[in-house]
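Below: the structure, in structure tokens.
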Amino acid sequence: MENYEYKFTYTGIFSSLYFFQGVDQSIFTAVIPIYLLNKLGSIDSAGLSFMLSIILTPFVFKLLYGILSDKISFKKLGRRKPWIVGSASFAGLMWIFLAFMIPYQLVVNPSGIMLFIALISVLIMIGVAFSDTVMDGFILDICPKKLLGRTTGICWAFRSIGIIVGGPIILILITYIDLTYILIAIGIFTLIAALLTLKIPHKTEFEKIRMIKNLKSMFKKWENWKLYWYSLFLAVVDGVIFTFISLYILVQAGRIPAAGASLKVLKEDLSLYGDQALITLILGGGVIIGSIIGGWIADVKTRRVCVFSSLALTTIALLLQLIKAPWYILLIFAFIIGISMGWKNSAFSSVSSQYSKLYPEAPSTYFSICTSFINFGSQIGLIVTGIVFNSVAKITTDVSIIFGTVFIVMAILSNVSLIPFLLMKRELYEYKLEGKGEGEKGLSIKDTMKP
């Protein structure tokens, strides 16, 4: 597929679906709780915790989705489009269903609405997680190696934008537009974006897929585990960095007490969400710019340079937070944080995508394994930074010291990813070097990674 004429409009279609995937997550974590709080006056903490705890559960099964989309094809439609259109359309229709059912449940069964939304959220996120996994494989199928960094970087950027910006923007829109209409619009746009993938040409005939042999190779070869460990350590700050940056700026601006934000504080001052929206918009803008720059460096220069420069910028951006400065200067630092995160995403996606192409029979499966380690790394980061934050808070009440310690720990943890990265074979992630080396037993390096 390397000679495939890939068009930029394809990236636009993919990015739109990734964006709505991010928005979907943001609605459940940021919008629904505040909406119900305003409508009911109070919300059940146990019900809210249950809903939030199961939202991302469908992403645990990304490996299964990858195997299904790699293994099962549908005649002339191939092995990607039916899964993407089917799963994304299902999510879109469920959004429309939820839009009509929330007002109804508020009237007939307000005490059970949290459980109802939790169940619907799982169904929606199954569609989101499935389409997300299959689109990764679709991109790997049709995108030339020389464009992988830019394409995957932009797609990941839009997904991140949806997550960090979607919720605050919708919270602002709710003051003007009823949530019902907003959810219907999201459902319709998701349906349209899914159907647009049918316009993208795609190979529909494949040789027999040796899935068991592919899986054995993916987990058996030490070279793959180097990438998995790189993915894990690279993501240890991803789950917390935007939250801590936003909270730190709000504290320094005097918008929330120095002890930190709480549900009670947010209920009393909903204008905080306007401030939060501004911060996330700045972060989001940085992510987009960083993704574009990082993708360009990965494709035009080298992926090694992209990885090194992304980690260097991430370290500098985190250490900048240690400087005592007015809140508006901190917004500039936040913008740099956004750039570094987008840059780092492009570095990861270009490297992992290149490795995934070494398994042409099952690229979606391989990439889903990498993203599983990314998610695992994010969870580890949440635990570690939480422990550090609480431990330092017991020693001192100085906000600058508490947050500063967390930022230093984040910088150190993110650079641990350099260890497995430096052990990886450069010929496997630099497409310009492909074929210039010899692998095991005289085979090409690409052949050594095949099952």
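FYI, it's all coordinate maths here, none of it is from the lab. Please read these numbers as outputs of a predicted model, since none were measured by experiment. Backbone-built Cβ (ideal geometry, glycine too); neighbour counts: all protein chains shown.
Only one residue of Ile172, Phe8, Leu64 has its Cα farthest out toward the positive end of the dipole of segment 1-206, where Lys and Arg carry +1 and Asp and Glu -1 on Cβ, and that residue is Phe8.
What translational diffusion coefficient, in µm²/s and rounded to a whole number, does the Stokes-Einstein relation yield for the chain at 25 °C and a viscosity of 0.890 mPa s, taking the hydrodynamic radius as the Kirkwood radius over Cα pairs? Rounded, D is 108 µm²/s. Inter-label distance, Lys146 to Lys39: 5.3 nm, where each label sits 7 Å from its Cα along the C-beta direction. The simple spin-label model puts a point 7 Å past each Cα toward its Cβ; for Ser391 and Lys75 those points are separated by 6.1 nm. Can you flag which of Lys208/Lys357; Lys146/Lys432; Lys301/Lys425; Lys226/Lys432 are past 19 Å Cα-Cα? Too far apart for the 19 Å limit: Lys226/Lys432.
Among 163-174, 333-344, sorting by the average number of other beta carbon atoms lying within 10 angstrom of each residue, highest first, gives 333-344, 163-174. Between Ile412 and Lys432, residue separation times 0.36 nm minus the direct Cα-Cα distance comes to 4.1 nm. Measure nothing but the geometry: give the 0 to 90° angle between the long axis through the Cα atoms of 327-356 and the longest principal axis through the Cα atoms of the chain, rounded to 10°. Helix 327-356 sits at roughly 30 degrees to that axis. Amide H contacts under 5 Å for Ala253: none, restricted to partners 5 or more places along the chain or on a different chain, H placed in the peptide plane at 1.01 Å from N. Counted residue by residue at 0.36 nm each, then reduced by the alpha carbon distance between them, the extension gain from Phe50 to Ile289 reaches 82.5 nm.
At full extension, Val60 and Trp296 could sit 81.8 nm farther apart than now, given 0.36 nm per residue minus the alpha carbon distance. Could you work out how far helix 62-71 tilts from the main Cα principal axis of the chain, as a 0 to 90 degree angle to the nearest 10? Rounded to the nearest ten degrees, it is 40.
Each peptide in 391-399, 371-379, 20-28 gets a packing score, the mean of other Cβ atoms within 10 Å over its residues, and the list from highest to lowest is 20-28, 371-379, 391-399.
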